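Engineer: Below is the structure I would like to discuss, written out as structure tokens.
No lab work stands behind these numbers, since they all come straight from the coordinates. Just so it is clear, the structure is predicted and the values come from calculations on it, not from any experiment. Please note: Cβ atoms are built from the backbone with ideal geometry, for glycine as well, and neighbour counts cover all protein chains shown.
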Amino acid sequence: MSRPSVPDDTSLQLLQGSAEKDRRLRELSISHESDMQQMEAQLRFTRLQLDSVRAECEDARKELDETKNKSATTLLATEDEILQLRADLRSANEQVEIYKRKLDALDDYEHQIHLLEDKIYYLNSEKAQLQDRLARSRSPSPLPQLNSSSSPLRSVSPSRAQLTQSSRQARLVSRFSELYAVERLEAQSILRRYITHLDMVQKIICIAVVESFQTAKLAYRQFKLRVRKTLSTSHFGPQSLEDTAVDYIIRNLDLYDVQTSVTDVINAMNANPRISFPPEVDFALISTLIRETCRVAFAMQTLDPPLDLAFASDGELYNDNKSVP
């Protein structure tokens, strides 16, 4: 049985189609192999990058662990330093307290030394008086003269205490007059910069002087009580305790705490309803007048009798007839 014959054209087409398919298969195979090689290369590169990232992560983890360890060590060291600083601060505070106690004790010792010096002074004075009396008692008395004509009595000369009293009073009155000529005018000039009314300025100065005298008198009474209490335990002799205390104050006027009196005067003036002044005015501006008036008033209390201000109306500060009795 014979096969049907295939035309030549058909065979040629089949051969060409088969060749074309083989070519395309080869191209696809080559392209596939190339893609596979590229993918493998990318995969190797990605693996290398991954290994590098892993290594970096491992280094970062190690660095983080080291940082944690260092931070913990630093924190412990900082806490130790804080504890040490606190201990040093407590020790310094204790040393300060010790020095304060030593300073207070030193002040007490100096005060006691000052009192002892005063006592020695008084004892020496009393010793001299006793020795003088003893010498007079041992000397023979003069024989009375009969039929002697009586001579007129001589005037008794003032004692040393009276002369001292008179001279001190003259100095204090002179100083009080000087306050009028110097400190009072300076205070008035300062207040006129802020207060236009002269009457109000004079009223403020008058009240300042009156308050200074009252505050100084109170400070003198309190100071004299402390002196009497201190001297009462060891006082003896012909001089009374009151006179001894006054003599001590006269010789130690520098112990008067005048700054406290100045503060008290300013506080009293701030609360005085009779004074009207701008809010920017501070009575510390006339603190010089207040301070010097307090000192003069304090010293005037040591006189016998003490000097004081006469009654004055508002704005009346000094008067020839009413300044000091």
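Engineer: What's the center-to-center distance, using Cα atoms, between region 209-224 and region 8-85 in Å?
Structural biologist: Spelled out, the Cα-based centre of one part sits 99 Å from the other.
Engineer: What nm distance separates the two modelled labels at S31 and T73, each placed 7 Å from Cα along Cα→Cβ?
Structural biologist: 6.3 nm
Engineer: Set the Förster distance to 41 Å, then compute FRET efficiency between T164 and N267 from the Cβ-Cβ distance, nearest 0.05.
Structural biologist: In this case the efficiency is close to 0.70.
Engineer: In addition: Using Cβ counts within 10 Å as a stand-in for footprinting exposure, how do C57, C206, C294 rank, fewest first?
Structural biologist: The order, fewest Cβ neighbours first, is C57, C206, C294.
Engineer: For L241, L75, which order do you get if you count the other beta carbons within 10 Å of each Cβ and list the fewest first?
Structural biologist: L75, L241
Engineer: Just want the ordering: V182, V258, from fewest to most Cβ atoms lying within 10 Å of their own Cβ.
Structural biologist: In order of increasing Cβ crowding within 10 Å: V182, V258.
Engineer: Just to check I understand the Karplus step: with θ = phi - 60° and J = 6.51 cos²θ - 1.76 cosθ + 1.60, what whole-Hz values come out for region 40-52, glycine and proline as x?
Structural biologist: For region 40-52, the Karplus curve yields 5, 5, 5, 5, 5, 5, 5, 5, 4, 4, 4, 4, 5 Hz.
Engineer: Right, here's the next one. Cβ under 14 Å from T73's Cβ, T73 left aside: what net charge do those residues give with Lys, Arg +1 and Asp, Glu -1?
Structural biologist: -3
Engineer: Expected output is a single nm value to one decimal: the length gained when fully extending between E97 and D51, i.e. 0.36 nm times separation in residues minus the C-alpha distance. What is it?
Structural biologist: Stretched fully, the E97-D51 segment lengthens by 9.8 nm.
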